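Only one structure is covered here, and it is reproduced in the block below.
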Amino acid sequence: MKKYHILYIMLLAMTITGLSSCSENSNTVEEYPNWKATNESKFNSIYAEAVKYVASGSDSWKVIKEWSYQDSIHNNPEDYIVAQVITKGSGTISPIYSDSVRVHYEGRLLPSTSYSEGYVFNKSWSTDEYNPSTNVPTKLAVSNVVDGFSTALQNMHIGDRWRVYIPYQLGYGSAGTTGIPGYSTLVFDITLVSYYHVNVTVPDFKAKSTGNTWIDK
């Protein structure tokens, strides 16, 4: 009887050890902890700071309402995008919703567990660093991007380079998309190179660099 008792204790100890080992091995690092709260807090903070800059007369920041909101009902931070002007172009006219554009862009998320500078989910250049002297801009339809990106394009001029902060409501929403979790604030680096009206054939891009200016040929 004593032997059976000892055997039972040994088996119980082995079982507990095994369960403990499985538990330890199953632990995974969460890439996007408290993601909704983190993104809402960060965007609201950026929005509030940008509003202060704009109110002080600074032209280095822009707070722009979503392009289709023409009413006074939509006045919450999530109804706007925030843009930091990196380079001011020489153009004076902006694309409209039905236009096509050529742009350089990079899109990333806010910093997360494994990405201290934010996960880059898409970009138009294949090199590690942005170089307008060698990178070829991509063609996009203004109507075929998320609302926040479209809003930025419809307020940019040729040559403008902006860092654009888009709340998740004007991005991929609460559902997200492939590679982008729900509730993600999108941070885009966008340079508007050229644009074309509807029914105009967009030519193949051949360009030369004259200083910091691209010229379609």
TODO: Just flag the GluC sites (Glu not before Pro) in the range 91-164 sitting in loop per DSSP whose Cβ has no more than 14 other Cβ atoms within 10 Å.
DONE: Glu117, Glu129
- [ ] Assign one of three labels to the range 82-180, namely rounded, prolate or oblate, based on the Cα gyration tensor with a ≥ b ≥ c the square roots of its eigenvalues; rounded applies when a/c is under 1.5, prolate when it is not and a/b is larger than b/c, and oblate otherwise.
- [x] oblate
Open item on the list: Positive end of the dipole of the range 95-202, charges at C-beta (+1 Lys, Arg; -1 Asp, Glu), about the Cα centre: which of Gly176, Ser126, Val202 has its Cα farthest in that direction?
Closed with: Val202
TODO: Could you please rank Ile180, Ile96, placing first whichever residue has the fewest other Cβ atoms within 10 Å of its Cβ?
DONE: Ile96, Ile180
- [ ] Counting other beta carbons within 10 Å of each Cβ, put Phe188, Phe205 in order, fewest first.
- [x] Phe205, Phe188
- [ ] For Lys123, enumerate residues with amide H under 5 Å from its amide H, sequence gap 5+ or separate chain, H modeled in the peptide plane.
- [x] Gly107
Task: Sequence-distant residues sharing a close amide H with Tyr195 (under 5 Å, placed H) - done: Arg102
Task: Lysine pairs within the range 35-216, Cα separation less than 14 Å, 8 or more sequence positions apart or different chains - done: 4
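Test of understanding: ordering Phe149, Phe121 by Cβ neighbours within 10 Å, fewest first, what list do you get?
The most exposed by this proxy come first: Phe121, Phe149.
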Open item on the list: Once each part is reduced to its C-alpha centroid, what is the distance from the range 52-89 to the range 119-197 in angstrom?
Closed with: 16 Å
Task: Karplus (6.51, -1.76, 1.60) ³J(HN,Hα), θ = phi - 60°, over the range 189-202, in Hz, Gly and Pro reported as x - done: 9, 10, 10, 8, 9, 6, 8, 9, 6, 4, 6, 9, 5, 7
Task: the range 35-216 - charge dipole about Cα centre, Lys and Arg +1 at Cβ, Asp and Glu -1, debye rounded to 20 - done: 240 debye
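Readers should treat all values here as calculations from the given coordinates under stated rules, not as data from a laboratory. Predicted model, so just to flag it, every value in this text is computed and none were measured. Cβ atoms come from the backbone with ideal geometry, glycine included; neighbour counts cover every protein chain shown.
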